[in-house]
Structure formats: C-alpha cells, structure tokens
1. Please find, within the range 151-172, the residue that is nearest to the ligand (Cβ to nearest atom) out of those that are in a loop (DSSP other than H, G, I, E, B) and among the hydrophobic types (A, V, I, L, M, F, W, C).
2. Test Arg67 against the criterion of being without any contact (Cβ under 8 Å) to a residue 60 or more places away in the chain and either surrounded by fewer than 22 Cβ atoms within 10 Å (Cβ to Cβ) or closer than 30 Å to Pro228 by Cβ (or both), and give yes or no.
3. On the given criteria, is Thr127 in a helix (DSSP H, G or I), out of contact with any Cys (no Cβ under 9 Å at 6 or more places or on another chain) and surrounded by 20 or more Cβ atoms within 10 Å (Cβ to Cβ)?
4. Being modelled with pLDDT of 95 or more, outside the structural domain of Val400 (by TED's automatic domain parsing), touching a strand residue (DSSP E or B) at 6+ places or on another chain (Cβ under 8 Å) and within 16 Å of the ligand (Cβ to nearest atom): is that true of Ala121 here?
5. Could we say that Val107 is within 16 Å of the ligand (Cβ to nearest atom) and modelled with pLDDT of 95 or more here?
6. So, in the range 259-285, of the ones that are in contact with a helix residue (DSSP H, G or I) (Cβ under 7 Å, 6 or more places away or on another chain) and of a type in the set (S, T, N, Q), which residue ends up farthest from the ligand (Cβ to nearest atom)?
7. From Ala121, Ala148, Ala117, which residue is touching a His at 6+ places or on another chain (Cβ under 7 Å), assigned to a helix (DSSP H, G or I) and crowded, with 18+ Cβ neighbours inside 10 Å?
Amino acid sequence: AMRGILDRQERRESAARTYARRFPVVPVRAHGMTVEGADGRCYLDCLSGAGTLALGHNHPVVVDALRKVLDSGRMLHTLDLATPEKDDFTDALLAGLPRAFAERARVQFCGPAGTDAVEAALKLSQTATGRGGLLAFTGAYHGMTLGALAVSGGVAAKEPVTGIAADVTRLPFPYSYRCPFGIGGEQGEHVAAEYAARLLDDPSGGVTPAAALLVEPVQGEGGVVPAPDGWLRRLRELTARHGTLMIADEVQTGAGRTGAMWGVQHSGVLPDIMVMSKAIGGGLPLAVIAYRDDLDVWRPGAHAGTFRGTTLAMAAGAATLRFIAAERLAERAAELGERMLARLRELRGRFASAGDARGRGLMLGLEIVDPSGEPDALGALPAAPLLARRVQAEALRAGVIVELGGRHDAVVRLLPPLTITDEEADRVLAVLADAIGTAER
Ligand code: PMP
C-alpha cells in the first residue's frame, strides 16, 4: 500500500516535492514525537511540521480544543467577523508578547501561511512610512510568495522566475563560523553592525531610507544561525535613527521554540512589527502580524484575504499558546536545548565531518563538513551537502527524521516538539552520532 501511494504521488504531484523525496514514508498515525508509517515502522520526528507542532502530534489539549469547536456548531470559517475563538486566541497571543509591545499592539489576521504574514508586514511598512525600500539579510528565509522571495537570501527559489520587483538592500548577517568578513566571533558581529550603519549613514551609499528592515531572531532555513543580541540591539538603534521600521520574522522562532516565548526577547529588542505563524496555529494554518497601534494606517479593506477566520486554527493555537505558558515550555526548551547543543558540540571531537553546532533552545543545527577539503581563513572546512544527505538518510533508516538546511544545504536541523522527553532527546542524539559515523564510512 505504501509503495502504491508513493508511486501515484510520483506520477501526479509537482516535481517541486522535497520532503516526500527525503522521507519516503507514508505516515498513517502520529502521537507526541512519534510518527508511524504505513509500513508499520515508527520514527522520532525532529521536523515536527517544520517547527509547527510545538506540542507534538495530536496533543490532547489541541485535540480537545478542536473537538470542542466541532461539537459546538460554530462557524468554521468566518472571514474577519468577531468570534469567541478569535477573541480567545487574541488574548492568548497578546498575553505572551513582550509586555511593552502587547500594550500598544494591533493584530491583523493575514491568512494561512507565514509568507502571507510577511507580505502583510512589508506592505504595512510601506504604507505607514510612504517609502518603498526594504533591508534584508544574507541567508534570510521569509517565504515563497514574490515579496517574501525578494527579501529572502537563497537564490535557488528565485532562479526559476525573473523580475521579482522589490527595492531590496541586502546586508550581511553575522555568522561566526562562515563570517562574511573572515573575522568571526564578537568582532565579526561588530563589523556586521558597523557595515550596516556606515552603509546607511553614508550619503553616497546609494541606499535611500528604507520602509523596513526584516530580520529573523534565529535564521532557520539559513542554517540555524542565531542573531547575536548586541547586533540586534544595534540594528534597533540604526533603524530608529533612519525612521525605518523593524520587522521581526518570528514565524519559526516564535511560541517558545528558542527558549523564550518570542525570539526577540533574548535581546530585549522591541520590533515595530512581529510576523507570526507556524506554531501559533497549533498545527493548523494561521498567520498574523502584530504591530504598534500608531502604524495602523490601513483603511477598511486595505488588507484582506479569504482565510482570516479559521476557527479551528484559532482554537488549536490558543490551546497551544496557553499550554506552552502554563507548562513553562520555553524554559524547558532553553534548558534541554542547552544540553543538546553541548552534546552536538561534542560530536565535533568524535567525527571529522561534524562542523559547527549552534542554535538556541530547541532550534538546533549541526553543520556537516568535508574533512578532506581546504579550511577557510577561520579554519572552517567546506560544507558537505552530499555527506549531510547521507547522514539524513542513515538517521531515517535508524528511525529519526531530521531536516537539512543552511546556505549549502549541509546543516542537519533539529526542530523537535517542545514536549520532547529527555529519553527521546538521548535517542535522537545517539542515532545522529551513529548516522554520522556510518555516513563517513
Ligand atoms: N519566515 C520564516 C522565518 C520561516 O521559517 C518560514 C517557513 N519556513 C516562512 C517565513 C514562510 O512560512 P510559510 O512556509 O508558512 O509560508
């Protein structure tokens, strides 16, 4: 049965499929961190819907919240009408946002996907400032719609299209391991901030004052690269000075993932606009932006979308956000994430192909490198995407699903549910170590 389903997908679905190629498994049941395939095999899921399933699969509080809606006779889809579920979701969302931000926040429901919310944030920034330009970073990922694509760093997804119209100035994202300035460490961060400041302050720099600067508190698809706190604070000063709005893309970093409820909270930076999706819908499609009330310049109808009133997603999302807060899962992510990161770093001593390990909370990455390659000026070996593929395949064979990402597609990424147990974490790390050992041979 599993083979038949995979074969039919091969014939009938788009060639753009990725996960299906990397994980040729037909899932039929899932609970917590475990996915069961049609072949009867079980897998530990470190992908969890690309970080969407903060509480794992079919968590009872989410299932109960969904059941309650289904049994209530409520409208499942309501455009932007007022509903008890939306009211409750908004309460839960605002309760978790940084207080100074929440006090003055307006919420816009944007549609099902993160990319919808990114578009809304860009558009609002342009309406509110009357400017067109945007500032974005190397390694950034913001989605697949054309505006989000324009501010994303990776070129692979842009190559198939021409003429993505947007005035985007790209700035270097600080990245110690493969520092764009060949410096690394805190000095590299400092130079990244200095570079941005000097470029924007220079009247001959060619950059007109921008509507917004868009930044991920931890770059996810870009290879799990945390934004240094001091660098983010300097960006905050710089944008304020230039009248440029700061947009935090918290699509992946939000809802406890990085060890704080929201990624910007590590640095204390208050953005002007926050972009949120993935886990806030409890596994169902939901995307919102929140922004300071004085930016609420839209006229009725200036921003719309059919799927802004998804009752089930709001109910699942509210239940998820409340559970994360009540069970202190962000703290748990910080504590377990630190232990897991320390163990990923140990792999570097054991395996020649284990490169930099990094991350924040339960957003972790290990770069796979080529031991026979030439080290760069800072000693980093070349990224090894083919070897990383083998590691991923070996991990899957041993029953652990991990994703790849990063600038060279050579970073093994872990995005487990925040409910992952110590035993599950041990098993993931043991399988990963074995997978690297096998892949190297
Ligand atoms: N922003 C970030 C930071 C993301 O990680 C993603 C998805 N990986 C998106 C935006 C786009 O979200 P979606 O895939 O739901 O459109």
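The values are calculated or read from the model by the stated rules, or taken from the named source; none is laboratory data. None of these values were measured; they are calculated from a predicted model. Note that each Cβ is placed from the backbone with ideal geometry, even for glycine, and that neighbours are counted across all protein chains shown.
1. Within the range 151-172, the match that is nearest to the ligand (Cβ to nearest atom) is Ala157.
2. Against the criterion (without any contact (Cβ under 8 Å) to a residue 60 or more places away in the chain and either surrounded by fewer than 22 Cβ atoms within 10 Å (Cβ to Cβ) or closer than 30 Å to Pro228 by Cβ (or both)), Arg67 qualifies.
3. Taking the combined requirement at face value, the residue does not satisfy it.
4. Yes: the conditions hold for Ala121.
5. Answer is no for this residue.
6. Looking at residues that are in contact with a helix residue (DSSP H, G or I) (Cβ under 7 Å, 6 or more places away or on another chain) and of a type in the set (S, T, N, Q), I get Ser267.
7. Ala148
To keep it simple, each residue is scored yes or no on (1) under 30 Å from Leu418 (Cβ atoms); (2) small (Gly, Ala, Ser); (3) buried (at least 24 other Cβ atoms within 10 Å of the Cβ); (4) within 15 Å of the ligand (Cβ to nearest atom).
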residue: Glu194; (1), (2), (3), (4): no, no, no, no
residue: Pro217; (1), (2), (3), (4): yes, no, yes, yes
residue: Gly220; (1), (2), (3), (4): yes, yes, yes, yes
residue: Gly230; (1), (2), (3), (4): yes, yes, no, no
residue: Leu238; (1), (2), (3), (4): no, no, no, no
residue: Arg241; (1), (2), (3), (4): no, no, no, no
residue: Asp249; (1), (2), (3), (4): yes, no, yes, yes
residue: Gly254; (1), (2), (3), (4): yes, yes, yes, yes
